[in-house]
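Visitor: So that we are looking at the same thing, I have put the structure below in structure tokens.
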Amino acid sequence: MSVGPREAAGNQAVVVRVAGPTATIAVDGRELEARLRPRVPGGPAVAGDRVELVDGGEEPLVVGVAPRRTVLRRGDGHDRRPRAVVANADVVLVVAAVRDPPIRPPLIDRYLVAAEDGDMDAALLLTKADLPHEDAAVAELAGRYRGIGYPVLCGSAKDPAFVERVRDLIGGRVAVLAGHSGVGKSTLTRGLTGVERAVGEVSGKARTGRHTTTDPRLIPLIGGGAVVDTAGVRTFHLPRMERADLEAGFPEIARAAHGCRFRGCAHDGDAGCAVEGAVHPERLESYRRMLADLR
Ligand code: GDP
Ligand code: ZN
């Protein structure tokens, strides 16, 4: 099968998943395997990218990546070089379980900063609420994030009614499910799409050796939008960013900062800082840790 550049024009070719040197591409409701040209302009391509395809002989060839509207990026290596994980998503759904594994607010906060940095909306999904858990602590956490402005849903990923609330929240957008492993991302993905996540699935035609992949995968939703499961993303470090961008990722800190005595206050114990006391201590602690990492 071959897809000419004309057919791929008009941003119709979307990367579903990348697996080493190949990618699954959705074109006009069909999926096909394509080869990725190394060092492609605008690349490397990731799930959600709009790409340009040309006839590559046996398989179509990805030769260009369109400018991204949004991008979820992580930091790679000790210098945390920015690396795209998902492109052109609208909203990051940060998934955390009320227990097993325990909630890690700093990880939630890192994803929220990454969402803001990548120009996406964000919401928090608290799963496993069907298991015995500390109600008061979970209610406090939910209230904390709602108070900042993030939508928060709490329920069981196995409960179809909860899945429908998540679907309503997505509302036809492209949503990235992000969070620690074991929190219910694949369970939600399955509930929303009916598609099983296949970890370590052999992808592509495996001509160039068997290539297993746990890369993010974009799955369309009936009625519009899509879900991107990042289940294979094991750790999540923020990319390097400016302090102003970090502050923007903490909207309540950015708001309180208007009251700081000095412009450019780092809210790190500085004189006349209005943030301390106005912001939840755990959020401030998260911010300060990320700030220290910028240095
Ligand atoms: P992922 O690693 O984030 O994709 O998490 P999974 O969807 O694979 O879920 C990890 C385990 O937790 C599986 O055994 C799921 O069946 C279970 N699980 C996920 N969500 C819930 C939930 O809301 N309630 C309960 N009781 N179990 C859940
Ligand atoms: Zn301050």
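The values are calculated or read from the model by the stated rules, or taken from the named source; none is laboratory data. Everything numeric here is computed off the predicted structure, so don't read it as measured data. No Cβ is skipped: glycine too gets one built from the backbone with ideal geometry, and neighbour counts run over all protein chains shown. Note: areas computed on protein heavy atoms with side chains; ligands, DNA, RNA excluded. Shrake-Rupley method; radii C 1.70, N 1.55, O 1.52, S 1.80 Å.
Visitor: Could you pull out the residue among ALA161, ALA139, ALA178, ALA157 that is buried (at least 18 other Cβ atoms within 10 Å of the Cβ) and over 16 Å from TYR111 (Cα atoms)?
Guide: ALA157
Visitor: Could you say whether any residue in segment 83-90 is more than 17 Å from VAL46 (Cβ to Cβ) and more than 11 Å from the chain's Cα centre (by Cα)?
Guide: no
Visitor: Scan segment 217-233 and give yes if some residue there is polar (S, T, N, Q), over 30 Å from ALA23 (Cα atoms) and either within 16 Å of ligand 1 (Cβ to nearest atom) or out of contact with any Ser or Thr (no Cβ under 9 Å at 6 or more places or on another chain) (or both), otherwise no.
Guide: No, because not a single residue in segment 217-233 is polar (S, T, N, Q), over 30 Å from ALA23 (Cα atoms) and either within 16 Å of ligand 1 (Cβ to nearest atom) or out of contact with any Ser or Thr (no Cβ under 9 Å at 6 or more places or on another chain) (or both).
Visitor: Being open to solvent by less than 30 Å² (accessible area, probe 1.4 Å) and in contact (Cβ under 8 Å) with a residue 60 or more places away in the chain is the filter here, so list the residues in segment 260-290 that pass it.
Guide: ARG283, SER286, TYR287, MET290
Visitor: Here are ASP130, ASP79, ASP121: which of them is under 19 Å from ARG165 (Cα atoms), open to solvent by 50 Å² or more (accessible area, probe 1.4 Å) and either in contact with a helix residue (DSSP H, G or I) (Cβ under 8 Å, 6 or more places away or on another chain) or at pLDDT below 95 (or both)?
Guide: ASP121
Visitor: Restricting to segment 1-38, what's the tally of residues that are out of contact with any Leu (no Cβ under 9 Å at 6 or more places or on another chain), modelled with pLDDT of 90 or more and more than 24 Å from VAL195 (Cβ to Cβ)?
Guide: Within segment 1-38, residues that are out of contact with any Leu (no Cβ under 9 Å at 6 or more places or on another chain), modelled with pLDDT of 90 or more and more than 24 Å from VAL195 (Cβ to Cβ) number 0.
Visitor: While we're on this one: State whether one or more residues within segment 252-259 are in contact with a strand residue (DSSP E or B) (Cβ under 7 Å, 6 or more places away or on another chain), open to solvent by 20 Å² or more (accessible area, probe 1.4 Å), closer than 25 Å to PRO151 by Cβ and of a type in the set (Gly, Ala, Ser).
Guide: no
Visitor: Okay, moving on. ASP245 passes all but one of (1) assigned to a loop (DSSP other than H, G, I, E, B); (2) modelled with pLDDT of 80 or more; (3) of a type outside the set (A, V, I, L, M, F, W, C); which number fails?
Guide: (1)
Visitor: Next question. Of all residues in segment 44-64, which are touching an Asp or Glu at 6+ places or on another chain (Cβ under 9 Å) and among the small types (Gly, Ala, Ser)?
Guide: ALA47, GLY64
Visitor: Taking only pairs six or more apart or across chains, which ones have beta-carbon atoms under 9 Å, a first residue in segment 134-160 that is more than 15 Å from GLY184 (Cβ to Cβ), and a second residue that is within 16 Å of ligand 2 (Cβ to nearest atom) and in a loop (DSSP other than H, G, I, E, B)?
Guide: ARG144/HIS280; GLY147/HIS280; ILE148/PHE250; ILE148/HIS280
Visitor: In addition: Looking at GLU31, GLU52, which one is part of a strand (DSSP E or B), open to solvent by 30 Å² or more (accessible area, probe 1.4 Å) and under 30 Å from ARG165 (Cβ atoms)?
Guide: Only one candidate qualifies: GLU31.
Visitor: Quick one: which of ARG234, ARG243 is open to solvent by 70 Å² or more (accessible area, probe 1.4 Å), under 24 Å from ALA178 (Cα atoms) and within 15 Å of ligand 2 (Cβ to nearest atom)?
Guide: ARG243
Visitor: Moving on. Is it true that ARG83 is more than 16 Å from ligand 2 (Cβ to nearest atom) and in a helix (DSSP H, G or I)?
Guide: No.
Visitor: Hey, among LEU169, LEU112, which residue is under 20 Å from the mean Cα position of the chain (by Cα), away from ligand 1 (no atom under 12 Å from the Cβ), surrounded by fewer than 19 Cβ atoms within 10 Å (Cβ to Cβ) and not charged (D, E, K, R)?
Guide: LEU169
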